[in-house]
Amino acid sequence: MVDLSLHILDVASNAFKANATLVKIDIEEKEEYIHITIEDNGCGMNEEELKKVTNPFFTSRTTRKVGLGIPLFKQTCEQTGGSLTITSEVNVGTCIDAWMNMHSIDAIPLGDIGESIFVLVTNPYDVDVVATIRFKEQEKVQFKLDTREIKIILDGVPFSEPTIMVWLKEYIKSNLS
């Protein structure tokens, strides 16, 4: 993948198929590293699946025989001298913790994280998404979006409503710039 936002989109969207009701994405970007945590409350994985999940020739999907998302994300992290760890518990959920050294020649950019968040937020599965981002030298959160809070404000108007989709896209874009 050409940037980290696509890895985040790919891994976070796995939660939709795992029957999650909540996906949390936390991104902390510093001068020397980027730390990404993606956590869901989906069906989780048993020990055997957890051992195999970074193998590209393992997938729980029945539509194909390979699963490249997590193995490629792990490779991206490790090529920079970083790491990717996965913890999971059946009927509790899964957490992916990724670290990348941004000074490595193999480091890839964050990319269009706003577009990836927009796609995740407007998912057709009604999965809530909480995205938190802290950039570079600032300790405080620069961006936080919680679909549970937005749903309260919208009072039943779906995210798939075209005017809401336009508003969400602009809200994300303007708050990330």
TODO: Kindly indicate which of Asp128, Asp146, Asp112 is out of contact with any Cys (no Cβ under 6 Å at 6 or more places or on another chain) and without any contact (Cβ under 8 Å) to a residue 40 or more places away in the chain.
DONE: Asp146
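Rundown of residues vs (1) farther than 19 Å from Ser13 by Cα; (2) at pLDDT below 95, yes/no style:
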| position | (1), (2) |
| --- | --- |
| Asn123 | no, yes |
| Asp128 | no, no |
| Gln138 | yes, yes |
| Val141 | yes, yes |
| Ile172 | no, no |
TODO: Please specify each residue of the range 28-78 satisfying the condition of being among the small types (Gly, Ala, Ser) and modelled with pLDDT of 90 or more.
DONE: Gly42, Gly44
Open item on the list: Quick test of your reading of the structure: Ser13 fulfils all but one of (1) of a type outside the set (D, E, K, R); (2) at pLDDT below 95; (3) farther than 27 Å from Pro109 by Cβ; (4) in contact with a Leu (Cβ under 8 Å, 6 or more places away or on another chain). Name the failing condition by number.
Closed with: (3)
TODO: Within the range 19-41, work out how many residues are touching a residue at least 60 places away in the same chain (Cβ under 8 Å), over 21 Å from Leu176 (Cα atoms) and not in a strand (DSSP E or B).
DONE: 2
Open item on the list: Against the definition (of a type in the set (Val, Ile, Thr) and either assigned to a loop (DSSP other than H, G, I, E, B) or on the phi > 0 side of the Ramachandran plot (or both)), how does Thr54 come out, yes or no?
Closed with: yes
Open item on the list: All but one of (1) closer than 17 Å to Ile27 by Cβ; (2) touching a helix residue (DSSP H, G or I) at 6+ places or on another chain (Cβ under 6 Å); (3) modelled with pLDDT of 95 or more hold for Leu110; state the number of the condition that does not hold.
Closed with: (3)
Open item on the list: Being of a type in the set (Val, Ile, Thr) and buried (at least 17 other Cβ atoms within 10 Å of the Cβ) is the filter here; which residues of the range 131-177 pass it?
Closed with: Ile133, Thr147, Ile150, Ile172
TODO: Could you please find all residues in the range 79-106 being crowded, with 19+ Cβ neighbours inside 10 Å and more than 18 Å from the chain's Cα centre (by Cα)?
DONE: Thr80
Task: Of all residues in the range 121-177 being over 25 Å from Cys43 (Cβ atoms), charged (D, E, K, R) and not in a helix (DSSP H, G or I), the one that is farthest from the chain's Cα centre (by Cα) - done: Asp155
Open item on the list: If I go through the range 108-130 residue by residue, how many of them are among the aromatic types (Phe, Trp, Tyr) and either crowded, with 16+ Cβ neighbours inside 10 Å or within 14 Å of Ile172 (Cα to Cα) (or both)?
Closed with: 1
Task: the range 4-48, residues that are surrounded by fewer than 16 Cβ atoms within 10 Å (Cβ to Cβ) and of a type outside the set (Ser, Thr, Tyr) - done: Lys17, Asn19, Lys30, Glu31, Glu32, His35, Asn46, Glu47, Glu48
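The values are calculated or read from the model by the stated rules, or taken from the named source; none is laboratory data. Everything numeric here is computed off the predicted structure, so don't read it as measured data. So basically every Cβ, Gly included, is an ideal-geometry build from the backbone, and we count neighbours across all protein chains shown.
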